[in-house]
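Everything below concerns the one structure shown next.
The values are calculated or read from the model by the stated rules, or taken from the named source; none is laboratory data. Owing to the predicted nature of the structure, the values given are computational and were not obtained by experimental measurement. Heads up, the Cβs are rebuilt from the backbone with ideal geometry, glycines too, and the neighbour counts pull from every protein chain shown. Side chains included, ligands, DNA and RNA excluded: accessible areas come from the protein's heavy atoms. Shrake-Rupley method; radii C 1.70, N 1.55, O 1.52, S 1.80 Å.
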Amino acid sequence: MQAIPLEYYLVLSAIIFSIGTIGVITRRNAIIIFMSIELMLNSVNLTFVGFAANLGDASGQVFVFFVMSVAAAEAAIGLAIVIALFRIKQTVNVDEINILKW
Amino acid sequence: MVLGTLAIGSAIITIASRHPVRSAMALVLHFFMLSGLYLTLNAQFLAAIQILVYAGAIMVLVVFVIMLLNLSNEEKLKLKVSSRYVLGWVFGSALAFLLMTLYITHSSLSQFNAETAVAIGTVNNLGNELFTNYIVPIELIGVLLTGTIVGAIVLAKKKLEN
C-alpha cells in the first residue's frame, strides 16, 4: 500500500480550518455560522485521525469519537437557540440579534 | 488527492453560497469526502460514524431548521463588503499561512507504519479502548447527551401560558 504522507492531511486540515474561520467571521446567517463551526471541528478531527494512523495509536480515534458526540450535542443546542431567537426576533442575522446588550 | 480537492471545494461552497440549503448540501458532500479520507487513514469505524452522525443526524437537523424557519436568500450579501469582510479574509489567510508553514517546517514525522495502523480503526479495537481505558469519559458523554436532549427541548418549546 502506498501511503499518503501525513503532511498532506495536515495541510488539507489547515486549509479547511481556515475556510471555516473565514466563514464564521464573514457570514451573518446564524445557521451558516454553525455549519462553519462544524467545518472547523471536522478539520481538527482529520488531524486527529491522521496522527492516530501515523503513530499507530487508537487514542486519537477515541478522541475523535468524543469530539463527534460533543459536536452533535452542540448542534442540537445551537439550533434550539436559533429557533428560540427566531421566534423572538424573526431573523437569524446575527447583526440584528442584540437582546443580550444592556 | 481527489478527495482532498473535493473536500476543499465543497467547503468553499459551504461558506460562499448565499442560499442556506445549497450551503448545507455542499457540507454534506464535504462530510462524505472526509469520510473517504478517514478510510484512507484506516479509520473504518470513524468513517461510518462520520456519515451516520454528521451527514445523517446533524445535517438533517440543520436542513430541518432551515425549512422550519423558511429562510430566503440572504439579501444583498455583497453590499456589506465592510471592514469585517476584509478582516475575516486577512485573519483566515494569516491562519492558513501560519498553520501550513508550521506543518511543512516540521516535516520529519511522516513515517507511516501501515502494519500497526491497519488494526486500530476497527470497531473491535475501538470498542475495547472505549470501554476499558476510556470508560469514565464515555459515561460523561452519556450524561452530556442526556442533558442536551432536555436542554434542547426546553429551549425550543413554546412558552407556556401561565
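Values as computed for the structure displayed
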quantity: Residue tally, condition open to solvent by less than 30 Å² (accessible area, probe 1.4 Å) and more than 23 Å from A:Ala76 (Cβ to Cβ), over the stretch A:24-38; calculated: 1
quantity: Search result, residues across the stretch B:67-83 that are modelled with pLDDT of 70 or more, in a helix (DSSP H, G or I) and surrounded by fewer than 14 Cβ atoms within 10 Å (Cβ to Cβ); calculated: B:Met67, B:Leu68
quantity: Helices (runs of 4 or more DSSP H) enclosed by the stretch B:1-64 - at least 2 residues per element that are under 29 Å from A:Ile83 (Cα atoms); calculated: B:2-16, B:20-40
quantity: Scope the stretch A:74-91; condition within 13 Å of the chain's Cα centre (by Cα) and open to solvent by 10 Å² or more (accessible area, probe 1.4 Å); matching residues; calculated: A:Glu74
quantity: Every pair of residues 6+ apart whose Cβ atoms lie under 8 Å, when the first sits in the stretch A:89-101 and is among the basic types (Lys, Arg) while the second is open to solvent by 70 Å² or more (accessible area, probe 1.4 Å); calculated: A:Lys89/A:Glu96; A:Lys89/A:Ile99
quantity: Which numbered condition B:Phe64 misses (of (1) facing chain A (nearest Cβ under 9 Å); (2) surrounded by fewer than 20 Cβ atoms within 10 Å (Cβ to Cβ); (3) at pLDDT below 85; (4) closer than 19 Å to A:Ala75 by Cα); calculated: (3)
quantity: Single match in A:Phe34, A:Phe17 (criterion: over 16 Å from B:Leu98 (Cβ atoms) and modelled with pLDDT of 85 or more); calculated: A:Phe34
quantity: One residue from A:Thr26, A:Thr91 being among the polar types (S, T, N, Q) and out of contact with any helix residue (DSSP H, G or I) (no Cβ under 6 Å at 6 or more places or on another chain); calculated: A:Thr91
quantity: So A:Val24, is it out of contact with any Ser or Thr (no Cβ under 9 Å at 6 or more places or on another chain) and more than 17 Å from B:Ser35 (Cβ to Cβ); calculated: no
quantity: Any chance A:Leu6 is closer than 30 Å to B:Ser17 by Cα and either within 7 Å of chain B (Cβ to nearest Cβ) or open to solvent by less than 10 Å² (accessible area, probe 1.4 Å) (or both); calculated: no
quantity: Single unsatisfied condition, A:Thr21 versus (1) without any contact (Cβ under 8 Å) to a residue 12 or more places away in the chain; (2) surrounded by 19 or more Cβ atoms within 10 Å (Cβ to Cβ); (3) under 13 Å from the mean Cα position of the chain (by Cα); calculated: (1)
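This table checks each residue for (1) more than 7 Å from chain B (Cβ to nearest Cβ); (2) open to solvent by 10 Å² or more (accessible area, probe 1.4 Å); (3) basic (Lys, Arg).
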residue	(1), (2), (3)
A:Met40	yes, yes, no
A:Leu46	no, no, no
A:Phe51	yes, yes, no
A:Gly56	no, yes, no
A:Met68	no, no, no
A:Ala72	no, yes, no
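Here's the yes/no breakdown for (1) out of contact with any strand residue (DSSP E or B) (no Cβ under 6 Å at 6 or more places or on another chain); (2) more than 7 Å from chain A (Cβ to nearest Cβ); (3) closer than 21 Å to A:Ala71 by Cβ; (4) modelled with pLDDT under 75:
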site: B:Val90; (1), (2), (3), (4): yes, yes, no, no
site: B:Phe97; (1), (2), (3), (4): yes, yes, no, no
site: B:Leu102; (1), (2), (3), (4): yes, yes, no, yes
site: B:His106; (1), (2), (3), (4): yes, yes, no, yes
site: B:Ala117; (1), (2), (3), (4): yes, no, no, yes
site: B:Asn133; (1), (2), (3), (4): yes, yes, no, no
site: B:Val150; (1), (2), (3), (4): yes, yes, yes, no
site: B:Val154; (1), (2), (3), (4): yes, yes, yes, no
